[in-house]
Amino acid sequence: MTEDATTGFGHGKVILLGEHAVVYGQPAVAAGMQVGVRAHASTGTGCVRAPAWQLDLQVGDDSPVIAAIDRLCQRLGVASRDLDLWLEAEVPARAGLGSSAAMAVAVARAVAARTGAGEEDVLAAVAAAEAVFHKTPSGIDAAVASRGGVGRFDREAGWQATPIRQPIELCVGLSGQTRQTSDLVSAVADLCERTPVARRLIDALGDLARAGMEALASGDRESLGHQFNMAHGLLSGLGVSTPELDALVRAARAAGALGAKLTGAGGGGAVIALAPDRAEDVLKRWRSLGCYGFLTLVGK
Ligand code: PMV
């Protein structure tokens with residue numbers, strides 16, 4: 001890194017309720033985590049390094065990360081081959097925790113700090129990068145990565161920050177299975193086409209997101225826990241859970257969680273559990289399954 005380095009940060013995220021439904025115009029509730037991706041951009045020769053993701057790339061390489069960075073830089077009027085990018089990633093990749101959007105926001109902000117581009121250009125550049133990873137993203141990941149906090153997202157109204165009564169501590173458990181969001185979104189679309197009743201599950205997931213917002217506003221953690229449990233059942237019905245995710249969810253409930261569900265696209269990735277006072281027990285049970293978990297405070 002040279003002395004002219006500029007820096008940007010993007011939040012990792014958890015979707016509390018409404019994943020997949022948000023693709024069909026329903027609302028989702030999501031929260032930014034304190035952890036995310038920090039990008040440092042400096043004058044260079046097109047090196048892209050992210051040690052935590054074991055990435056050591058060069059502009060011109062055949063890689064979605066390079067394709068996304070190319071598009072993003074192009075949108076901001078900068079040649080990616082004239083920059084070096086150093087990425088400090090605190091969220092795992094392809095785990096449903098918004099790593100690609102966090103990276104895109106971090107890089108776009110670091111680049112914008114060099115060119116003076118405004119927030120609107122940053123968001124357009126992030127959307128261009130996200131399209132490389134997710135083909136037709138709803139935009140929820142990009143919204144949370146750039147804004148943080150807790151909010152409601154739908155395709156029409158975008159991101160609306162939502163007041164919550166008190167910050168909530170969530171346990172995040174990693175299955176260790178990576179997956180591609182776009183594959184899961186396509187699988188749900190196929191199911192809805194073949195089996196129209198699946199659309200009712202989508203609608204019910206949207207209803208749970210609406211109910212979840214009320215529970216967050218009033219600080220009703222019991223209700224939120226039930227909503228997590230119901231959402232996991234519906235997401236399983238849509239075929240996006242896995243035996244590993246189900247095991248993590250069951251273990252969290254057995255350890256005393258009020259509710260637990262997969263978060264993000266599913267097919268692997270992560271689960272979240274709401275376990276006030278029992279969080280350490282949840283993490284311990286997950287460890288006994290050989291899975292890593294951590295705590296994150298959302299809404300602070
Ligand atoms: O990329 P993930 O795992 O955080 O999932 C994104 C949420 C989906 O609703 C499944 C897809 C989307 O674009 O909203």
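Largest first, the residues D203, D154 sort by 1.4 Å accessible area into D203, D154. Mean sequence separation of contacting Cα pairs (under 8 Å, at least six apart), scaled by the length of the chain, corresponds to a relative contact order of 23 percent.
In whole angstrom, note down how far apart the Cα centers of segment 5-66 and segment 164-181 are. If we compute the Cα centre of each part, the gap is 16 Å. Scanning the chain for long hydrophobic helices, with DSSP H runs required to stretch 15 angstrom or more by C-alpha along their axis and to average at least -1.0 on the Kyte-Doolittle scale, returns 64-75, 99-115, 119-134, 181-194, 198-218, 221-237, 243-254. In a fully extended conformation the segment linking D61 and R165 would gain 32.7 nm over its present Cα-Cα distance, using 0.36 nm per residue. In percent, what relative contact order does segment 168-298 have, based on Cα pairs under 8 Å that are 6 or more apart in sequence? That works out to 41 percent. Which shape class applies to segment 109-240: rounded if a/c is under 1.5, otherwise prolate when a/b exceeds b/c and oblate if not, where a ≥ b ≥ c are the square roots of the Cα gyration tensor eigenvalues? Here segment 109-240 falls in the oblate category. Here the Gaussian network model covers the chain, with springs between Cα atoms less than 10 Å apart; of S236, S99, S218, S218 fluctuates the most.
For the residues C171, C47, C73, a GNM of the chain with alpha-carbon springs under 10 Å puts the largest fluctuation on C47.
Summing charges over all other residues whose Cβ lies under 12 Å from the Cβ of G206, with Lys and Arg as +1 and Asp and Glu as -1, gives +1. Comparing Cα centroids, segment 85-125 and segment 261-282 end up 25 angstrom apart. Per residue, segment 168-298 exposes 42 Å² of solvent-accessible protein surface, assessed with a 1.4 angstrom probe and all protein chains in place.
Count Lys and Arg as plus one, Asp and Glu as minus one, and take only other residues whose Cβ is under 12 Å from that of A110; the net charge is then 0.
Here K300 is the anchor, and the lysines within straight C-alpha reach of less than 19 Å, apart from those fewer than 8 places off in the same chain, are K13.
Ignoring everything except DSSP H segments at least 4 long, calculate the 222 nm mean residue ellipticity for the chain; use -39,500 (n - 2.57) per segment, divide by total residues, nearest 500. The per-residue figure over the chain is -13500 deg cm²/dmol. Sorting the Cα pairs of segment 176-260 by distance into bins of 5 Å, from 0 upward, gives 3, 14, 20, 20, 20, 15, 7, 1 percent per bin. Rolling a 1.4 angstrom probe over the chain with all protein chains present gives an accessible area of which 49% lies on carbon and sulfur atoms. Looking at segment 12-125, the accessible area is 37 square angstrom per residue; that uses a 1.4 Å probe and ignores ligands, DNA and RNA.
With the convex hull of its Cα atoms as the shape, the chain has an orientation-averaged projected area of 14.6 nm². Other residues lying with their Cβ under 13 Å from the Cβ of Q34 contribute a combined charge of +1, Lys and Arg counting +1, Asp and Glu -1.
The values are calculated or read from the model by the stated rules, or taken from the named source; none is laboratory data. Since the model is a prediction, treat every value here as computed from it, not as a measurement. Neighbour counts are summed over all protein chains in view; Cβ atoms, including those assigned to glycine, are modelled from backbone coordinates with ideal geometry. The area values use the complete protein model at the heavy-atom level, side chains included, leaving out ligands, DNA and RNA. Shrake-Rupley method; radii C 1.70, N 1.55, O 1.52, S 1.80 Å.
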